[in-house]
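In what follows, a structure is listed as structure tokens, so that the remarks can point back to it.
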Amino acid sequence: FITGIAGQDGSYLTELLLSKDYEVHGIIRWDSIFTTERIDHVYQDPHVNGIRLFLHYGDLTDSGNLEKLIHQIKPDEIYHLGAMSHVRVSFDMPEYTANTDALGTLRILEAIKNSDLPIKFYMAASSEMFGSSPPPQNEHTPFHPRSPYACAKVFSHDITRMYREAYNMFCVNGILYNHESPRRGATFVTKKITRAVARIKAGLDKKIYLGNLEAKRDWGFTPEYVEAMHVLLQQEKPDDFVVATGETHSVREFLEEAFQYAGLGDWKPYVEFDARYLRPAEVEVLVGDATKAKEKLNWQPKIKFKELVRVMLDADFRALGLTPPGEGDRILKEVFPNRWWKND
Ligand code: NAP
Ligand code: F7E
């Protein structure tokens with residue numbers, strides 16, 4: 001059972017679980033337009049017998065709905081990925097963010113506890129919880145959250161651990177650093193840049209407007225991160241893990257790399273500053289120390305910064321009907337000969 005199934009991570013996780021013969025259920029929110037673009041390629045018509053993917057309307061702010069779904073589905077595993085996941089937006093909507101991202105987790109934990117079923121629970125915690133704690137950060141680094149989003153995730157992290165200790169439930173936190181892909185939401189900085197670069201190349205746009213270029217992030221590749229989520233729930237004992245590449249790069253470096261790869265040269269003529277993309281409090285630098293995941297889960301990322309930029313740009317070129325430079329596609333073929341997800 002996946003909350004946030006139509007999000008970036010939810011879509012890849014669905015493909016991974018279907019490739020492992022799971023029956024997958026997921027919550028989608030009702031909207032007046034379709035918002036399931038990321039999972040359309042795995043959609044299965046509910047009128048057909050023998051399907052393995054089921055979508056249910058629901059919302060993390062609706063306890064009764066969550067209780068009912070968990071009671072009906074009786075899942076073996078819950079991957080709780082649903083959230084208002086945009087840090088900048090969380091400053092505009094702090095109460096909604098806390099309701100969804102903090103209380104939403106509590107609602108699910110209560111529903112699991114009341115069900116008396118042996119459900120394993122994965123909580124999508126975040127490197128944002130570390131905030132201004134000096135890098136590199138690991139499972140023992142104190143949290144110093146710098147946004148309503150990060151504060152809500154700290155609550156969710158702690159309440160997940162608390163339910164594990166108090167009620168002996170199988171609950172884990174995956175403390176994931178930024179992970180990106182061609183399916184990343186278009187308002188996050190990596191996708192905003194690669195999409196804009198492709199549009200500039202195609203002659204559709206002339207400029208991109210950005211905020212703080214000096215912030216540094218530990219950017220990984222989403223398919224590898226959802227594999228970590230799955231492995232985390234297959235442990236004998238529930239435990240929390242940092243999942244990261246151990247490399248950090250600034251937004252400025254991402255720009256340099258993307259414009260160079262696209263053959264546009266220097267990024268400076270194309271980029272303008274816009275203060276609306278600044279945050280009231282910024283997280284300056286995040287770098288994860290994923291030694292524990294390497295040692296205990298045998299998890300290690302293969303795609304790092306440069307490869308990631310190439311993979312994302314190739315996809316954005318293709319989306320506009322441009323011939324991609326092709327290095328990203330080549331890397332994916334070489335590194336993942338048995339790829340379980342659709343190449344966008
Ligand atoms: P995403 O693309 O923004 O997806 C979030 C999903 O949550 C969407 O499907 C969204 O539904 C759903 N959602 C939002 N509010 C909801 C509500 N009130 N009720 C039910 N569903 C709701 O985020 P992501 O990148 O896949 O991230 C997945 C999770 O990992 C999130 O919890 C995020 O905070 C966390 N995380 C992400 C990263 C990262 O770098 N990506 C790193 C650490 C942690 P709609 O499709 O209807 O909008
Ligand atoms: O910002 C800077 C911005 O919005 C990255 C979420 O998945 O990862 C994500 O949160 C950096 C920040 O991601 C723009 O100030 C500059 O320093 O891509 P982002 P995020 O805030 O790191 C964590 C791990 C999560 O858990 C979250 O759910 O880029 N930046 N100019 C900009 N950011 C945006 N969005 N837009 C700009 O124009």
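Structure data summary
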{"read-out": "Taking N as its residue count, the alpha carbon Rg of the stretch 218-344 over 2.2 N^0.38 Å", "value": "1.24"}
{"read-out": "Projected-area average for the stretch 151-219 over all orientations - Cα convex hull basis, square nanometres", "value": "6.6 nm²"}
{"read-out": "Loop-located trypsin sites (Lys or Arg not before Pro) in the stretch 43-137 whose Cβ has at most 16 other Cβ within 10 Å (DSSP)", "value": "Arg52"}
{"read-out": "Cα-derived Rg over Rh, computed across the stretch 1-56 with Rh taken as Kirkwood radius", "value": "0.93"}
{"read-out": "Hydrodynamic radius by Kirkwood, which averages 1/r over all alpha carbon pairs of the chain, in angstrom", "value": "20.7 Å"}
{"read-out": "Cβ-based charge dipole, the chain, positive-most Cα from Ser127, Pro148, Val311", "value": "Val311"}
{"read-out": "Loop GluC sites (Glu not before Pro), the stretch 1-49, which have at most 15 other Cβ atoms in a 10 Å radius of their Cβ (DSSP)", "value": "Glu23"}
{"read-out": "Dipole magnitude of the stretch 217-344 about its Cα centre (Cβ charges: Lys, Arg +1; Asp, Glu -1), debye to nearest 20", "value": "280 debye"}
{"read-out": "Highest to lowest packing among 259-268, 70-79, scored as the average C-beta count within 10 Å", "value": "70-79, 259-268"}
{"read-out": "Taking the C-alpha atoms of the stretch 67-198, convex hull volume expressed per residue in Å³", "value": "125 Å³"}
{"read-out": "Listed residues Leu55, Val243, Trp267: farthest to the positive end of the dipole of the chain (Cβ charges)", "value": "Trp267"}
{"read-out": "Helix-only CD estimate at 222 nm, as mean residue ellipticity for the chain, using -39500 (n - 2.57) per DSSP H run (n ≥ 4)", "value": "-11000 deg cm²/dmol"}
{"read-out": "D_trans [Stokes-Einstein, Kirkwood Rh over alpha-carbon pairs] for the stretch 118-167, 25 °C, 0.890 mPa s, µm² s⁻¹", "value": "212 µm²/s"}
{"read-out": "Cα-centred dipole magnitude for the chain, charges only on beta-carbon of K, R (+1) and D, E (-1), debye, nearest 20", "value": "540 debye"}
{"read-out": "Convex hull of the stretch 279-334 built on C-alpha atoms - directionally averaged projected area, nm²", "value": "6.5 nm²"}
{"read-out": "Where chymotrypsin sites (Phe, Trp or Tyr not before Pro) fall in DSSP loop in the stretch 6-45, at most 12 other Cβ within 10 Å", "value": "Trp30, Phe34, Tyr43"}
{"read-out": "Between the stretch 23-38 and the stretch 259-287, the Cα center-to-center distance that results, in Å", "value": "32 Å"}
{"read-out": "All lysines inside 16 Å of Lys207 as judged from Cα atoms, apart from same-chain residues fewer than 8 positions distant", "value": "Lys191, Lys192, Lys268"}
{"read-out": "Gyration tensor verdict on the stretch 1-139 (Cα atoms; rounded if a/c is under 1.5, prolate if a/b is larger than b/c, oblate otherwise)", "value": "prolate"}
{"read-out": "Fraction of antiparallel bridges per DSSP, the chain only, in percent to nearest 5", "value": "5 percent"}
{"read-out": "Distance histogram for the stretch 150-296 (every C-alpha pair counted, 5 angstrom bins, percent rounded to whole numbers)", "value": "2, 8, 15, 18, 17, 13, 10, 8, 5, 3, 1, 0"}
{"read-out": "Electrostatic dipole magnitude of the stretch 54-170 [Cβ: Lys, Arg +1; Asp, Glu -1; Cα centre; debye, to 20]", "value": "140 debye"}
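Computed from the coordinates by the stated procedures, all read-outs in this text should not be read as laboratory data. Predicted, not measured: the structure shown is a model, and the values here were computed from it. Here the Cβ is made from the backbone with ideal geometry for all residues, glycine too, and neighbour counts use every protein chain on show.
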